[in-house]
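A short reminder: the numbers here are calculations on the coordinates, not readings from a lab. Computed from a predicted model, the values in this text were never measured in an experiment. Note that we place each Cβ from the backbone using ideal geometry, even for glycine, and neighbour counts take in every protein chain shown.
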Amino acid sequence: MPAQGKHRRPKSLSLGRGIAAVTTGGAVLALPVLGATTTASAAPAHSVAAEKAVAPVSVTAQANSVTKAAPAKHSVVSGETLSKIAREYSVSGGWKKLYEGNRKAVGENPNLIHPGITLTIGAKAAAPSDAKPGKAAKAAPAAERTATAERADRSERTTAAPAAAAPATYTDDLDGWIKESLAVMAQHGIPGSYESIHRNIIRESSGNPNAINNWDSNAVKGTPSKGLLQVIDPTFQAYHVPGTSTDSYDPVANITAACNYAADRYGSIDNVFGAY
C-alpha cells in the first residue's frame with residue numbers, strides 16, 4: 001500500500017501541475033502562442049505572393065535586355081562609310097563606337113571599308129591582344145587615325161560635287177559674234193578687245209558677214225577678201241583657229257582667224273587702225 005500511495009502522489013502532483021499550467025497559462029499564454037502561430041503562418045504567405053508579383057517583372061526585364069542587346073548584322077555596299085552606317089542604325093558613340101566593335105573586319109584605316117564585309121552593329125570592342133614586336137610602329141597612332149576619320153566625316157558631310165557650268169550662249173548678231181570670238185581667242189591666247197574688233201569690222205564690212213570685195217588687187221588675183229574682217233582664203237586657212245568653222249564666211253571663224261593674223265603681224269588687232 002505505501003508503495004501505491006507513493007506512486008499516486010507523484011501522479012497526482014504531476015496531474016495537478018499540468019492542470020495548473022494549463023489553467024494558469026491557458027488564458028494568458030494561449031494568446032501569445034496563438035498570435036505567434038498566426039504571425040508565423042501569415043509571413044510565408046505574404047512572401048510567396050511578393051515573389052509571384054516580382055518574378056514576372058524580373059523575367060520580362062531580362063528578356064527585354066537580351067532583345068535590346070542582340071547585335072545586328074550589316075553587309076557593306078559600295079559608297080557607304082562608317083559614319084553613314086552609324087547614323088542609319090543610331091549607334092551610340094557614332095562611327096568611333098562602330099569602328100571599335102568591327103576593327104578586325106575593317107582594318108587599321110576606318111576611312112576605307114570594302115563592299116561585301118559584314119559589320120556587327122552593337123558589338124563590343126575586341127580585347128587588345130598581345131602586341132607583336134614592331135606592330136605598334138607599323139600602326140598609325142590612335143590620335144592620327146581619329147583625326148583622319150574626323151576629316152573624312154566632315155568631308156562627307158560638307159563636300160558636294162560642283163554643279164556643271166552651263167554652256168555660254170551668244171546672240172546671233174554682231175555683238176554675240178564678237179563675244180563668242182573673244183571667248184575662243186582667250187582659250188588660244190590670242191589678244192584683242194571688243195572695241196578694236198568692232199571698230200575694224202565696221203570699217204571693213206559694215207557688219208555684213210557675207211560681204212565680199214570683188215574689185216581690189218586680191219580679187220584680181222582670184223582671192224577676194226571675204227566676211228566681217230575681209231580675210232582672203234589663203235590667210236584664213238593659214239590662221240584658222242581650231243574649234244571654229246572652216247567656212248571663211250562664218251562670223252566667229254572669220255573674226256578669230258583675222259585676229260590671229262593681226263596678232264602675228266601687228267601684235268594685236270588693237271594695233272590695227274586701217275587696211276591690213
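Annotation for Asn271 and Ile212: the two label points, set 7 Å from Cα along the Cα-Cβ direction, are 3.3 nm apart. Between the amide H of Val231 and those of Lys226, distances stay under 5 Å, these residues lying 5 or more places away or on another chain, with hydrogens modeled in the peptide plane. Summarising the amide proton neighbourhood of Ile121: residues at separation of 5 or more, or on other chains, whose placed amide H is nearer than 5 Å comprise Ala72, Lys73, His74. Note on His198 and Asn109: the extension gain reaches 25.9 nm, defined as 0.36 nm multiplied by sequence separation minus the Cα-Cα distance.
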